[in-house]
Amino acid sequence: LEAAGIASNGLYSFHAGRAGEKGQKTQEKENLKQWIREKCKEAGIPIDEAAENGGFVPAPNDAMAFDFSEIWKCKRNMSVELPPLDYDVEKDGEWGGAEDLCPPVGLVGDAVTEPFWLAGVGLKRGWNGVMDTCYIIDNLYNLKFSGEADELKEPAPWDDHMARIKKVLPMLYDCSQEIKMTKEGHAGEYADGGVVMTQIRKHSSDALKPQWQLEVDPYSRYEPLAKLIDFKYKGAKALENEHPVVKREVALRLKADSPIWNGMPCLSINGKELPKKKAPLPKPDDDGGKKEESPGAQPVLMRKKSVHCEEEMERKASIKVGNLHAKLAEQMEKHVQEMSHPGGVRKAFMDENFKVLPQKELDGGYANLAEKEWDHMTEQHLNPAQQAELRRIRNRQKSLTAQIEALKLSLQAYQKAERALVNP
């Protein structure tokens with residue numbers, strides 16, 4: 001980008017576009033658009049330069065550059081202050097609560113924290129934020145809401161209820177931002193030895209693994225909260241308390257034509273309908289007659305077992321997947337080698353530049369660790385005095401380097417003069 005005339009200090013961004021900056025910023029934006037055109041041509045992506053704005057969408061969204069030098073983050077993601085449902089201004093007067101009334105306003109996804117794409121946690125933060133918001137909305141008027149796994153036995157006063165709602169918001173925000181999901185949530189599937197699969201296989205030993213779903217209840221998504229209720233489904237209580245997921249799967253299994261555990265018959269393969277199994281012929285009576293067919297008798301659809309067809313499909317699918325993985329691995333390795341060693345020479349790793357982050361930072365969650373590493377890489381962890389000292393040291397290094405280069409040139413001149421005298 002610097003070679004293309006785009007400065008690294010103050011890249012053209014959305015905010016600069018909204019501000020309508022002119023001069024240098026405008027020229028940098030044109031340089032950025034030209035660089036994008038060249039990259040599109042290299043990648044074979046069509047772009048109509050004769051179209052309006054050179055083939056880009058209207059400004060300021062036509063071209064931007066993000067260097068992740070700043071990451072904005074909200075201190076909280078939701079605010080709410082509501083009166084009871086039966087509150088009447090004419091009867092009760094103006095609201096005189098400790099805080100002004102505020103409808104439930106929640107921020108989710110990139111609106112809460114500016115995404116750091118290299119960390120790859122945006123979707124998890126976003127979807128967990130959505131579910132947390134739904135959880136709060138679901139319980140806004142649930143006076144038995146306790147903020148814990150079990151509800152209160154009796155409805156609570158309204159002020160106490162709103163206090164519980166506000167108390168749980170920071171906890172949910174922390175779990176969402178730090179990606180404190182369960183292991184099954186990170187994996188996207190139920191563990192074979194987990195509570196869900198253990199209980200399901202008590203109903204059916206050959207049951208298929210149900211699809212893991214992101215649920216509204218935070219006690220099913222976040223590891224710190226899930227640990228508080230795990231004891232209900234383990235040990236002697238494993239048979240007494242059935243997990244909610246297991247209850248749902250069993251209910252679906254008992255439902256007619258349920259797709260759970262192969263409950264739905266196969267109707268076609270590759271668009272071809274399977275042959276219908278004819279109803280059995282009625283058995284003759286003792287007097288040689290035939291029994292009457294029941295009015296509701298219908299031909300039954302049966303799945304045609306074709307071992308050869310299934311094996312052939314599996315074989316071809318396996319070959320295609322293997323070829324795809326091999327090609328992908330080859331391209332990734334080639335890309336890494338080209339980016340790591342553009343000159344074809346491997347650079348030695350400098351052990352003295354390696355620094356292990358303190359343990360307290362390693363224990364703060366993956367998202368926090370990625371942000372700390374980025375701060376170290378971009379030197380944002382230094383205070384103003386340290387930054388000033390760092391600039392002084394680097395300026396001194398540049399000065400010494402320039403002096404060394406001048407001394408080398410002077411030495412070379414003296415060596416040349418020496419050779420001229422010795423060998424006239």
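The values are calculated or read from the model by the stated rules, or taken from the named source; none is laboratory data. None of these values were measured; they are calculated from a predicted model. For neighbour counting, all protein chains shown are included, and Cβ atoms are generated from backbone atoms with ideal geometry for every residue, glycine included. The protein model used for the area step is the full one, side chains on, heavy atoms only, and it has no ligands, DNA or RNA in it. Shrake-Rupley method; radii C 1.70, N 1.55, O 1.52, S 1.80 Å.
Residues in region 141-163 that are closer than 16 Å to ASP217 by Cβ and out of contact with any helix residue (DSSP H, G or I) (no Cβ under 7 Å at 6 or more places or on another chain): how many? Lay out the reasoning, then the answer.
The first filter runs over region 141-163 and keeps only residues closer than 16 Å to ASP217 by Cβ, leaving 142, 144-151.
Cutting the leftovers down to out of contact with any helix residue (DSSP H, G or I) (no Cβ under 7 Å at 6 or more places or on another chain) gives us 142, 144, 148, 150-151.
Going through region 141-163 one residue at a time, the tally reaches 5.
Of all residues in region 55-66, count the ones that are modelled with pLDDT of 85 or more and either open to solvent by less than 40 Å² (accessible area, probe 1.4 Å) or among the small types (Gly, Ala, Ser) (or both).
Residues meeting the conditions: 2.
Quickly run through region 372-424 and pick out the residues that are polar (S, T, N, Q) and over 30 Å from GLU178 (Cα atoms). Talk me through it step by step, then tell me what you get.
Residues of region 372-424 polar (S, T, N, Q): 378, 380, 383, 386-387, 395, 397, 399, 401, 403, 410, 412, 415, 423.
Within region 372-424, ASN395, GLN397, SER399, THR401, GLN403, SER410, GLN412, GLN415, ASN423 qualify.
Which condition from (1) out of contact with any strand residue (DSSP E or B) (no Cβ under 9 Å at 6 or more places or on another chain); (2) surrounded by 13 or more Cβ atoms within 10 Å (Cβ to Cβ); (3) at pLDDT 85 or above; (4) charged (D, E, K, R) is the one that GLU249 breaks?
Failed condition: (3).
With (1) modelled with pLDDT under 85; (2) open to solvent by less than 90 Å² (accessible area, probe 1.4 Å) as the list, and PHE231 as the residue in question, which single condition is left unmet?
(2)
Filter region 377-393 for residues that are open to solvent by 90 Å² or more (accessible area, probe 1.4 Å) and either over 39 Å from the mean Cα position of the chain (by Cα) or of a type in the set (Asp, Glu) (or both) and give the result.
ARG392
So if I check each of GLY109, GLY120, GLY97, GLY93, which one is more than 23 Å from the chain's Cα centre (by Cα) and at positive phi? Steps first, please.
Details: GLY109 fails: more than 23 Å from the chain's Cα centre (by Cα); GLY120 fails: more than 23 Å from the chain's Cα centre (by Cα); GLY97 fails: at positive phi.
The match here is GLY93.
Determine, yes or no, whether SER69 is modelled with pLDDT of 85 or more, hydroxyl-bearing (Ser, Thr, Tyr), under 30 Å from GLY129 (Cβ atoms) and surrounded by 13 or more Cβ atoms within 10 Å (Cβ to Cβ).
So SER69 fails the test.
Please go through region 365-424 and give me each residue that is aromatic (Phe, Trp, Tyr) and either touching a Leu at 6+ places or on another chain (Cβ under 7 Å) or modelled with pLDDT under 85 (or both), ordered by number. Write out each step before concluding.
Kept after step one, since they are aromatic (Phe, Trp, Tyr), are these residues of region 365-424: 366, 374, 414.
Scanning region 365-424 gives TYR366, TRP374.
Just checking, how many residues over region 29-87 are in contact with a Gly (Cβ under 8 Å, 6 or more places away or on another chain), within 30 Å of ASN142 (Cβ to Cβ) and in a loop (DSSP other than H, G, I, E, B)?
Summing the residues that are in contact with a Gly (Cβ under 8 Å, 6 or more places away or on another chain), within 30 Å of ASN142 (Cβ to Cβ) and in a loop (DSSP other than H, G, I, E, B) in region 29-87 gives 2.
Considering only residues that are surrounded by 14 or more Cβ atoms within 10 Å (Cβ to Cβ), modelled with pLDDT of 85 or more and part of a loop (DSSP other than H, G, I, E, B), which ones fall in region 88-130?
LEU107, VAL108, VAL112
Does any residue of region 1-19 turn out to be touching a strand residue (DSSP E or B) at 6+ places or on another chain (Cβ under 9 Å) and either open to solvent by 30 Å² or more (accessible area, probe 1.4 Å) or modelled with pLDDT under 80 (or both)? Reasoning before the result, please.
Here is the first cut: in region 1-19, the residues touching a strand residue (DSSP E or B) at 6+ places or on another chain (Cβ under 9 Å) are none.
No: region 1-19 contains no residue that is touching a strand residue (DSSP E or B) at 6+ places or on another chain (Cβ under 9 Å) and either open to solvent by 30 Å² or more (accessible area, probe 1.4 Å) or modelled with pLDDT under 80 (or both).
Going through region 208-228 one residue at a time, which ones are surrounded by 18 or more Cβ atoms within 10 Å (Cβ to Cβ) and not in a helix (DSSP H, G or I)?
PRO210, ARG221, TYR222
Of all residues in region 133-148, which are hydrophobic (A, V, I, L, M, F, W, C), open to solvent by 50 Å² or more (accessible area, probe 1.4 Å) and assigned to a loop (DSSP other than H, G, I, E, B)?
LEU143
So the check is Cβ under 6 Å with 6+ separation or different chains; which pairs have a first residue in region 94-118 that's without any contact (Cβ under 8 Å) to a residue 12 or more places away in the chain and more than 21 Å from LEU140 (Cβ to Cβ) and a second one that's open to solvent by less than 80 Å² (accessible area, probe 1.4 Å) and not in a loop (DSSP other than H, G, I, E, B)?
Once the first residue is without any contact (Cβ under 8 Å) to a residue 12 or more places away in the chain and more than 21 Å from LEU140 (Cβ to Cβ) and sits in region 94-118, its partners that are open to solvent by less than 80 Å² (accessible area, probe 1.4 Å) and not in a loop (DSSP other than H, G, I, E, B) give PRO115/GLY122.
Which helices (runs of 4 or more DSSP H) does region 149-203 wholly contain that include 2 or more residues that are surrounded by 13 or more Cβ atoms within 10 Å (Cβ to Cβ) and in contact with a strand residue (DSSP E or B) (Cβ under 7 Å, 6 or more places away or on another chain)?
Working: elements: 158-177, 183-187, 195-203.
Per the criteria, 158-177.
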